[in-house]
Amino acid sequence: MNRELAKEIILSLVIVLSQLLIFNHMKLFGTVDTFIYVSLFILYKTTYNKTYLILFGFLVGLIIDLSFQTYGAHTLASITVCYLKERIEKYSFGVNSTLPLAMIRGTQLTNRVTYFFLIIFIHSLIYFSLIFFKFEFTLTIFLYTLINSIINFIIIWVISKLIFDK
């Protein structure tokens, strides 16, 4: 096993464990759930196999679902984001989408913000749609999605800067 893979496995374990042990028990402003594990899908390198990304999304989502007892909402949201990641990269970065770590370095700030926010927003929209799952709660779904997306964007942006800006 090479060093890079070992480093990424350890980083994944740290993020998932911090989600389970710290962020699961926090509700910012009484309503905002922090989902830092979405940063794993954002920071997954484009040079890796897409099938492994979807399998990785399933496993992480399943682990979070088992601890949150959310009956598959995290798993479905994670799998969907992993499946759409390549399209979101192409939309956000254009030609640079095939470069490794293009989302972190070497692109315009607006492209990176678009990429991060789209992944977080889509994940939150699917998650809250499954949690509330009634047409009467449409406004609540969009309100929770927007608030959670903004707060999670800020947290994940700071985490990615701490990890990759050295």
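Please work out if LEU20 is surrounded by 13 or more Cβ atoms within 10 Å (Cβ to Cβ), over 15 Å from ILE122 (Cβ atoms) and in contact with a Ser or Thr (Cβ under 7 Å, 6 or more places away or on another chain). First the steps, then the outcome.
Numbers: surrounded by 13 or more Cβ atoms within 10 Å (Cβ to Cβ): yes; over 15 Å from ILE122 (Cβ atoms): yes; in contact with a Ser or Thr (Cβ under 7 Å, 6 or more places away or on another chain): yes.
When the stated conditions are applied, LEU20 passes them.
Within segment 9-64, which residues are free of Cβ contacts under 8 Å to residues at least 40 places away in the same chain and of a type in the set (Lys, Arg)?
Within segment 9-64, LYS27, LYS50 meet the criteria.
Answer with yes or no whether PHE164 is touching a Lys or Arg at 6+ places or on another chain (Cβ under 9 Å) and either of a type in the set (Phe, Trp, Tyr) or modelled with pLDDT of 95 or more (or both). First the steps, then the outcome.
On the way: touching a Lys or Arg at 6+ places or on another chain (Cβ under 9 Å): yes; either of a type in the set (Phe, Trp, Tyr) or modelled with pLDDT of 95 or more (or both): yes.
Spelling it out, PHE164 is indeed touching a Lys or Arg at 6+ places or on another chain (Cβ under 9 Å) and either of a type in the set (Phe, Trp, Tyr) or modelled with pLDDT of 95 or more (or both).
Test ILE156 against the stated conditions and say whether it is in contact (Cβ under 8 Å) with a residue 12 or more places away in the chain, out of contact with any strand residue (DSSP E or B) (no Cβ under 8 Å at 6 or more places or on another chain), surrounded by 17 or more Cβ atoms within 10 Å (Cβ to Cβ) and on the phi < 0 side of the Ramachandran plot.
Criteria met by ILE156.
I'd like the residue in segment 96-114 that is modelled with pLDDT of 85 or more and buried (at least 18 other Cβ atoms within 10 Å of the Cβ) and, out of all such residues, is farthest from ILE131 (Cα to Cα).
Within segment 96-114, the match that is farthest from ILE131 (Cα to Cα) is ASN111.
The values are calculated or read from the model by the stated rules, or taken from the named source; none is laboratory data. Not measured: the values here are computed from a predicted model. Note: ideal-geometry Cβ built from the backbone for every residue, glycine included; neighbour counts use all protein chains shown.
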